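What follows is a short report on a single structure.
Bear in mind these aren't lab numbers, they're just calculated from the coordinates by the rules spelled out. A quick note: this is a predicted structure, and the numbers were derived from the prediction, not measured. Here the Cβ is made from the backbone with ideal geometry for all residues, glycine too, and neighbour counts use every protein chain on show.
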């Protein structure tokens, strides 16, 4: 079975940041924004990883299909974020904070892989 340590660490970081934002700002909207941003960020990263993995495995097919898949993913993510911001369901700064935590987790995991090699 494939390990999901990236997702576990990322979700733990997002949950901790959401709890801290709730305690500091006293707003469930901030905590919800961080959680939502983190979940969308993890989903975005996993979806992008699947597109890249498939592109590397199927070298014979043209790049147009993968470009379409990437642009489709980008469009869906933009629609999700626009709906969340437009409906004021989440605080934009909190959402961006949660979304950015995925980048932090990827950087930490990447640095760890570099140190191992």
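Can you spot a residue in the stretch 78-87 that is in contact with a helix residue (DSSP H, G or I) (Cβ under 6 Å, 6 or more places away or on another chain), in contact (Cβ under 8 Å) with a residue 12 or more places away in the chain and closer than 13 Å to residue 37 by Cα?
No, that holds for no residue.
Going through (1) over 15 Å from the mean Cα position of the chain (by Cα); (2) surrounded by fewer than 18 Cβ atoms within 10 Å (Cβ to Cβ); (3) closer than 19 Å to residue 104 by Cα one by one, residue 9 falls short only on (1). Of the residues in the stretch 70-83, none is surrounded by 13 or more Cβ atoms within 10 Å (Cβ to Cβ) and part of a loop (DSSP other than H, G, I, E, B). Flag: residue 105 matches the condition of being in a helix (DSSP H, G or I) and in contact with a helix residue (DSSP H, G or I) (Cβ under 6 Å, 6 or more places away or on another chain).
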